[in-house]
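Comments concern the structure below.
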Amino acid sequence: MNTKQLLAMGAALLAVSLYGAAAKAQGPGGQGGPPPEIMAKIRKWQAWQKQHKNASQLGQELYQLEMLNQQPGYALNKQQSAKLVAILKAWRHKPTMSEEQAHNVLKQIGSLLTVRQIQKMTTLAPPWQRRPGGPGGGPPPGGRPGGGPPGGGFNFPDPPSGGFNPLNPDTLPFPPMRDRAKRGLDAFIATLQTQAKR
């Protein structure tokens, strides 16, 4: 897992995506699919995502914004960088974000981008949306070839049971990732702050 993945929804959504695809490919009763305990958590995550569509989209958009800023000819300008810093810093330490608030933040971010930048963002797929085995894809994290429970000490987390804020890494559902996610987000904010001063 790299920092850019952690900036969004972390390993939980990546695992949901990969395991979910594997389960669908195997079909009911298939061999080598995710074990029952993993499937139970996948179902919990799928239900959580349906109830938190805006928060999930915002987590994805944060990843896309960082990638966009690295694309030649698409980087945020001085004014855009300053406005995005203000948005990120306003939410950086808040413990929760409602669906309505996430919707408003998405609108704020969309309003500061150009049509060309928004179109480019749609081509920057987060790692957890890439097809397993395809470009950027691969087997489930810690999984064995042919399926089986994750290994390597990976503990598939449950969805957030309390508050969640996709712009606050302290609320990520997988605690071991939080420090790396904070460093990644703070580095992105620092980059934007530098751009805002040019």
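The values are calculated or read from the model by the stated rules, or taken from the named source; none is laboratory data. As the structure is a prediction and not an experimental result, all values here were calculated from the model. Please note: Cβ atoms are built from the backbone with ideal geometry, for glycine as well, and neighbour counts cover all protein chains shown.
At pLDDT below 95, part of a loop (DSSP other than H, G, I, E, B) and not β-branched (Val, Ile, Thr): is that true of residue 59 in this structure? Against the criterion (at pLDDT below 95, part of a loop (DSSP other than H, G, I, E, B) and not β-branched (Val, Ile, Thr)), residue 59 does not qualify. Within the range 90-112, does at least one residue satisfy the condition of being among the β-branched types (Val, Ile, Thr), assigned to a helix (DSSP H, G or I) and free of Cβ contacts under 8 Å to residues at least 60 places away in the same chain? Taking every residue of the range 90-112 in turn, at least one turns out to be among the β-branched types (Val, Ile, Thr), assigned to a helix (DSSP H, G or I) and free of Cβ contacts under 8 Å to residues at least 60 places away in the same chain.
A quick yes/no check of all residues on (1) in contact (Cβ under 8 Å) with a residue 40 or more places away in the chain; (2) surrounded by 18 or more Cβ atoms within 10 Å (Cβ to Cβ); (3) aliphatic (A, V, I, L, M):
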| site | (1), (2), (3) |
| --- | --- |
| 159 | yes, yes, no |
| 165 | yes, yes, no |
| 170 | yes, no, no |
| 173 | yes, yes, no |
| 178 | no, no, no |
| 186 | no, no, no |
| 189 | yes, no, yes |
| 193 | yes, no, no |
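When we screen 198, 183 for residues that are among the charged types (D, E, K, R), more than 23 Å from residue 44 (Cβ to Cβ) and either assigned to a loop (DSSP other than H, G, I, E, B) or at pLDDT below 85 (or both), the only hit is 198.
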